[in-house]
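The values are calculated or read from the model by the stated rules, or taken from the named source; none is laboratory data. Since this is a predicted model, take the numbers as computed values, not measurements. Counting neighbours? That spans all protein chains shown, and the Cβs are built from the backbone with ideal geometry, glycine included. With ligands, DNA and RNA removed, areas are computed over all heavy atoms of the protein, side chains included. Shrake-Rupley method; radii C 1.70, N 1.55, O 1.52, S 1.80 Å.
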Amino acid sequence: MKEKARRMRLIAFTTPALFFVTIFIFVPFFMTIYYSFTDWDGVRSAQFIGVENYTRFFNDLNATRALRFTLAYAAAFVVLINVLSILLASLLDSKIKGKGFFRTSFYIPNVISLVIIGFIWQFIFGNVFDSLFELTGERLGFLQWSWLGNRDLAFYSVILVSIWQALGFYTIIYVAALQSVPSELKEAAAMDGASRVRQFFFVTIPIILPSITFCVFLAIANSFKQFDLIFSLTDGGPGGATTTMALQIFRTGFGTLRQLGYGSAQSVILFILVAIITALQISLFRRREVSM
Amino acid sequence: MKNAGRWITFSVLLLVVIIMLIPFYLVIINSFKSYQEIVRSVISLPTSLNFDNFVEAFYRMNYLTAFLNTLLVTVTGTGGIVFLASMAGYQIARNNTGKLAKIIFFLLIIPIMIPFQSFMLSLVRVSSALRIYETWWGLALIYWGCGVPMAVFLYRGFCMGIPRELDEAAAIDGCNAFQTFRRIIFPVLKPVNATVIIINALWLWNDFLLPRLIIGFNTSHFTLQLQAVQFRGMYKMEWQLIMAGFLLTLIPAVIIYLIFQRQIVKGMVTGAVKG
């Protein structure tokens, strides 16, 4: 009898949450899988067409370019953001004046929407660089480069702005991790004659490895989902060079052709990709953590 | 020697701060310029403190409506997430050995692994079938679904640490399950409430893609971010106006951040590390 009451309580308290998760995540997610095998266009009723959308994906230059860009963008972002924020966090972890001020300033880009950040940097790469070029007597040639108009440069510009935006967030997580490293351990290593660099790699890094696992996971998830920033900064251009999978799905599904079935197949591919990569990453890092 | 190291550290940090803040400096100085001034130079200081651009941007962006819509979405959305997730997380923690609780917990948190973009196309269809398409409250309801998984995870973790004696004492005093939760447990959840509110409110306030999909082109329900993007598209060359509009859009979040920065940073870190 008591057991039954417990069950009823559990069901009563969790049903509302389950309801909203079901109708707004599970239902559309399984619908997407279903539609990925159809020619759904939002108007006519969807016809089953087998795996046509999937074979089409791998022969579609725009879609595969978006896939390649997303992978390259994620790789560059994940590595750079973690290396730079660990370095910055170790600088912040020293005995220095104005730590609070530094932390507050680093974090500010994180409370501003990505679309606005994209537009602001568009202004910087264009108008501000032009003004600086004139001001410096037209000597600094890089100010005149087409930072968002050249295919290769646009890649670096997108990475640069992404790092600028996210740096404060990852830094603060690493600062918290570094503060948990016991100072006795570092002192002991120093007494054994370990240099600062060796202390960092052989004492600090192993201890903060769980935070690194977590930050890498977060960076992977966020870079594969990137939409807002690219939408406003480059709109996927020039010539589709910076189009992410997310943007490609959006365009395919809601563009003038409304190829919702084909867009659904791209959505499923994105999901499988993220699932495989995060599973690999977590098992790889966890194994390391255990062996430490 | 030690001093030199400290100086280098300090200088590097200062340089990073400058890089972090320069974009905002540029937004601020340019939002006070006239069209003639901004055409001449975008890096010089404005000649006078002229608020005309703000007044114009305020009207042309329909700022007040957009601000209220964003506020409604953020408050309703965050409130719903807190309400739904705290109840679920509490009961899952209380039954954590039970098989049913494990299944429910798994179902509630597995969506964390599903990227939003992999179900957004059908989500629009679901929202129009439910007749909540192109409304601010439909948007808020969808945030309930999307925000609950992460929040349940945080609430369950926190509730595991709340002693069961608290529930038992309340039951002896004659409280039923809902009263126990509302009067006894919910007040104890304060720290995790703060984390959940901070993470979700910032996300909802600044989000663009989901509002773009759900609000569509129903301008009377536009949020600030939608309005800012439309505004940017309408005044392509008049950067002084655009900058004023952007400043108006980003200022509420920055003010809130500067007031509650300690709590916000702490909340984000706990949310991130626990998550």
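With B:PHE217, B:PHE153, B:PHE158 as the choices, which residue is in a loop (DSSP other than H, G, I, E, B), open to solvent by 40 Å² or more (accessible area, probe 1.4 Å) and not small (Gly, Ala, Ser)?
That would be B:PHE217, the only listed residue that is in a loop (DSSP other than H, G, I, E, B), open to solvent by 40 Å² or more (accessible area, probe 1.4 Å) and not small (Gly, Ala, Ser).
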Taking segment A:19-48 and the residues there that are in a loop (DSSP other than H, G, I, E, B) and of a type in the set (S, T, N, Q), the one that is farthest from the other protein chains (Cβ to nearest Cβ) would be A:GLN47
Among the residues of segment B:12-24, is there at least one that is more than 8 Å from chain A (Cβ to nearest Cβ) and of a type in the set (Phe, Trp, Tyr)? no
Quick check: anything in segment A:167-181 touching a Pro at 6+ places or on another chain (Cβ under 7 Å), at the interface with chain B (Cβ under 9 Å from one of its Cβ atoms) and surrounded by 22 or more Cβ atoms within 10 Å (Cβ to Cβ)? yes
Name the residue that is most open to solvent (accessible area, probe 1.4 Å), counting only residues in segment B:126-138 that are within 11 Å of chain A (Cβ to nearest Cβ) and touching a helix residue (DSSP H, G or I) at 6+ places or on another chain (Cβ under 9 Å). B:LEU130
Within the set of pairs 6+ apart or on separate chains, which have a first residue in segment A:129-148 that is surrounded by 15 or more Cβ atoms within 10 Å (Cβ to Cβ), a second that is of a type in the set (D, E, K, R), and C-beta atoms under 8 Å apart? A:LEU143/A:ASP130
Exactly one of B:VAL273, B:VAL265 is at the interface with chain A (Cβ under 9 Å from one of its Cβ atoms), at pLDDT below 90 and open to solvent by 30 Å² or more (accessible area, probe 1.4 Å), and that one is B:VAL273
Pick from A:THR243, A:THR204: which is within 30 Å of A:PHE48 (Cα to Cα) and either of a type outside the set (Ser, Thr, Tyr) or away from chain B (no Cβ under 11 Å) (or both)? A:THR243
Filter pass, A:SER195 being free of Cβ contacts under 8 Å to residues at least 40 places away in the same chain and more than 11 Å from every other protein chain (Cβ to nearest Cβ): yes
Every residue from segment B:172-183 that is part of a helix (DSSP H, G or I), within 14 Å of chain A (Cβ to nearest Cβ) and either open to solvent by 60 Å² or more (accessible area, probe 1.4 Å) or not small (Gly, Ala, Ser) (or both): B:PHE178, B:GLN179, B:THR180, B:PHE181, B:ARG182
State which residue pairs qualify: first residue more than 9 Å from every other protein chain (Cβ to nearest Cβ) and modelled with pLDDT under 95 and inside segment B:141-153, second residue surrounded by fewer than 24 Cβ atoms within 10 Å (Cβ to Cβ) and outside any helix (DSSP H, G or I) in any location, beta carbons under 9 Å apart, and separation of 6 or more residues or different chains. B:MET150/B:GLY275; B:PHE153/B:GLY275
Looking only at segment B:84-95, decide whether some residue is open to solvent by 30 Å² or more (accessible area, probe 1.4 Å), out of contact with any Gly (no Cβ under 9 Å at 6 or more places or on another chain) and not hydroxyl-bearing (Ser, Thr, Tyr). no
Restricting attention to segment A:49-58, report how many residues are hydrophobic (A, V, I, L, M, F, W, C) and in a loop (DSSP other than H, G, I, E, B). 2
Tell me, which residue of segment A:91-126 that is open to solvent by 10 Å² or more (accessible area, probe 1.4 Å) and either in contact with a strand residue (DSSP E or B) (Cβ under 8 Å, 6 or more places away or on another chain) or outside any helix (DSSP H, G or I) (or both) is farthest from the other protein chains (Cβ to nearest Cβ)? A:ASP93
Which condition from (1) within 14 Å of chain A (Cβ to nearest Cβ); (2) surrounded by fewer than 18 Cβ atoms within 10 Å (Cβ to Cβ); (3) farther than 30 Å from A:ALA89 by Cβ is the one that B:VAL42 breaks? (2)
Look through segment A:247-292, keep the residues that are of a type in the set (Lys, Arg) and in contact (Cβ under 8 Å) with a residue 40 or more places away in the chain, and return whichever of them is nearest to the other protein chains (Cβ to nearest Cβ). A:ARG258
Among what's in segment B:101-116 and is touching a residue at least 12 places away in the same chain (Cβ under 8 Å) and within 7 Å of chain A (Cβ to nearest Cβ), pick the residue that is nearest to A:PHE254 (Cα to Cα). B:PHE116
How many residues of segment A:48-64 are open to solvent by less than 40 Å² (accessible area, probe 1.4 Å) and either within 24 Å of the chain's Cα centre (by Cα) or within 9 Å of A:TYR262 (Cβ to Cβ) (or both)? The answer is 5
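Going by the conditions given, is B:VAL229 within 14 Å of the chain's Cα centre (by Cα), free of Cβ contacts under 8 Å to residues at least 60 places away in the same chain, closer than 19 Å to A:GLY118 by Cβ and open to solvent by 10 Å² or more (accessible area, probe 1.4 Å)? Talk me through it step by step, then tell me what you get.
Details: within 14 Å of the chain's Cα centre (by Cα): no; free of Cβ contacts under 8 Å to residues at least 60 places away in the same chain: yes; closer than 19 Å to A:GLY118 by Cβ: yes; open to solvent by 10 Å² or more (accessible area, probe 1.4 Å): yes.
Considered against the rule, which asks whether it is within 14 Å of the chain's Cα centre (by Cα), free of Cβ contacts under 8 Å to residues at least 60 places away in the same chain, closer than 19 Å to A:GLY118 by Cβ and open to solvent by 10 Å² or more (accessible area, probe 1.4 Å), B:VAL229 comes out as no.
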The correct count of residues that are aromatic (Phe, Trp, Tyr) and under 12 Å from A:ILE282 (Cα atoms) in segment A:198-215 is 1
Among the listed residues A:PHE271, A:PHE250, A:PHE254, A:PHE231, which satisfies the condition of being touching a Pro at 6+ places or on another chain (Cβ under 7 Å), of a type outside the set (D, E, K, R) and open to solvent by 10 Å² or more (accessible area, probe 1.4 Å)? A:PHE271
Residue that is at pLDDT below 95, open to solvent by 10 Å² or more (accessible area, probe 1.4 Å) and either of a type in the set (Gly, Ala, Ser) or closer than 30 Å to A:LEU10 by Cα (or both), where the choices are B:SER11, B:SER31: B:SER11
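Restricting attention to segment B:63-100, which residues are touching a Ser or Thr at 6+ places or on another chain (Cβ under 8 Å) and within 9 Å of another protein chain (Cβ to nearest Cβ)?
Once the filter is applied, which keeps residues that are touching a Ser or Thr at 6+ places or on another chain (Cβ under 8 Å) and within 9 Å of another protein chain (Cβ to nearest Cβ), segment B:63-100 yields B:MET87, B:ALA88, B:GLN91, B:ILE92.
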